[in-house]
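Reviewing the structure listed below.
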Amino acid sequence: MTSLPTSTEKRLGLVIDLDTCVGCHACAVNCKEWNTSAGASPLADTDAYGADVSGAWLNRIHTFEVTPENAPAQIVHFPKSCLHCDDAPCVTVCPTGASYKRSEDGIVLVDEDLCIGCGLCAWACPYGAREMDPVENVMKKCTLCVDRIYSDTLAEEDRIPACVRTCPSSARHFGDFNDPGSDVSRLVAERGGIDLMPEMETRPVNKYLPPRPKTSQRSAQTAAPAKIDTPKADGFLGWLDAALDKLG
């Protein structure tokens, strides 16, 4: 079995804002594209346009309708991938040491050369964040794009996970939770970032920002837009302007 580090120098992870995620799946698509083409953790994608589609995805988006008692119903899009837990059961259950958590940054990875495809880590993960690659028959999972964030060949602004880089609504944020001044730490402090399924006691690094409550109607105190005075036109244009005014 694989042991977990007692502490890590950094705690790299994601903050996902459920209030601004629009469920467009851009994060999942770019994750698939990067990991399939970059070579660090290629994902199977067979018969993509045929009748027998088969492949692996590391990032998925679930959509729910939430119906609060005292507020209108709303749609919440919930992206989910590996949470890089501090107490990761997928690591401690691995019989070969293929699953491990890095002491330098807390990222949970799989050594595919050691993976025997037994699936114990998938059974142990309470979040369903691991997928067996149907072609290579080894376990695949989110790597936090470790090949991007430490790359010397990419521009500085691109040294973040592919899902974060591509999000059109800026719902995904990446950083070090051990740094209280990082964007992710400040967002959690300001918005009350929450753990997914805290009762499992896995202590996930990734956090979610809850959606803001919706109101049932616009505030009655909202001021009506001011009417702009425009100069009156003469002739036909003046008549047309007066006629349109009468129509409301």
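The values are calculated or read from the model by the stated rules, or taken from the named source; none is laboratory data. These numbers were taken from a predicted model, which means no experiment stands behind them. A quick note on method: Cβ atoms are made from the backbone with ideal geometry, for glycine too, and the neighbour counts reach across all protein chains shown. Only protein heavy atoms, including side chains, enter the accessible area calculation; ligands, DNA and RNA are left aside. Shrake-Rupley method; radii C 1.70, N 1.55, O 1.52, S 1.80 Å.
Which peptide among 63-74, 135-146, 21-32 comes first, and what is the full order, when sorted by highest mean count of other Cβ atoms within 10 Å?
On the way: 63-74: 9.7, 135-146: 20.6, 21-32: 18.6.
Ranked from most to least packed, the peptides come out as 135-146, 21-32, 63-74.
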- Could you run the Karplus curve 6.51 cos²θ - 1.76 cosθ + 1.60 with θ = phi - 60° over region 100-117 and give me ³J(HN,Hα) per residue in whole Hz, x for Gly and Pro? 8, 10, 6, 6, 7, 9, x, 6, 8, 10, 10, 7, 5, 6, 9, 6, 9, x
- Task: For region 156-219, just say rounded, prolate or oblate: build the C-alpha gyration tensor, square-root its eigenvalues into a ≥ b ≥ c, call rounded for a/c under 1.5, and beyond that prolate if a/b exceeds b/c, oblate if not.
- Result: oblate
- Note on the structure: Where a ≥ b ≥ c are root eigenvalues of the Cα gyration tensor, a/c under 1.5 meaning rounded, otherwise prolate if a/b exceeds b/c and oblate otherwise, region 1-146 counts as oblate
- Note on the structure: Given backbone amide H placed at 1.01 Å from N, residues whose amide H is under 5 Å from that of S54, ignoring those fewer than 5 places away on the same chain, are T46
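Kindly identify region 42-113 as rounded, prolate or oblate by the Cα gyration tensor criterion: order the square roots of the eigenvalues as a ≥ b ≥ c, call it rounded if a/c is under 1.5, otherwise compare a/b with b/c, prolate if a/b is larger, else oblate.
Values: a/c = 3.36, a/b = 1.32, b/c = 2.54.
Oblate is the answer for region 42-113, as a/c is 1.5 or above yet b/c matches or exceeds a/b.
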- Förster-model FRET efficiency, 35 Å R0, D45 and R191, C-beta, rounded to 0.05: 0.45
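Per residue, how much accessible area does region 63-143 show when a 1.4 Å probe rolls over the protein heavy atoms, in square angstrom?
Details: 3650 Å² over 81 residues.
Ligands and nucleic acids excluded, the figure is 45 Å² per residue.
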- Message: Students often get this wrong, so check it: of K32/K207; K140/K207; K141/K214, which have C-alpha atoms separated by over 25 Å?
- Response: K141/K214
- Under the Karplus relation 6.51 cos²θ - 1.76 cosθ + 1.60, θ = phi - 60°, what is the ordered set of whole-Hz ³J(HN,Hα) values for region 187-193, x standing for Gly and Pro? 4, 5, 5, 7, 10, x, x
- Tell me, what are the semi-axes, in whole angstrom and largest first, of the equivalent ellipsoid of region 62-185 as set by the roots of 5 times the Cα gyration tensor eigenvalues? 27, 22, 15
- Query: Where in region 2-37 does the amide nitrogen come within less than 16 Å of the point 7 Å from the Cα of D111, taken along Cα to Cβ?
  - Reply: 2-5
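Using 1/(1 + (r/R0)^6) with R0 = 41 angstrom and r between the beta carbons of T215 and S54, what's the FRET efficiency to the nearest 0.05? Spell out each step's value before the answer.
On the way: r = 45 Å, r/R0 = 1.10.
Taking R0 as 41 Å, the efficiency between T215 and S54 is 0.35.
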- Net length gained if the chain between H62 and S151 were fully extended (0.36 nm per residue, minus Cα distance): 29.0 nm
- Message: Using the crude model of +1 on Lys and Arg Cβ and -1 on Asp and Glu Cβ, and no other charge, please compute the dipole size for region 61-183 relative to its Cα centre, in debye to 20.
- Response: 340
- Would you be so kind as to identify which of V76, V91, N59 lies farthest towards the positive end of the dipole of region 46-113, taking Lys and Arg as +1 and Asp and Glu as -1 on Cβ and the Cα centre as origin? V76
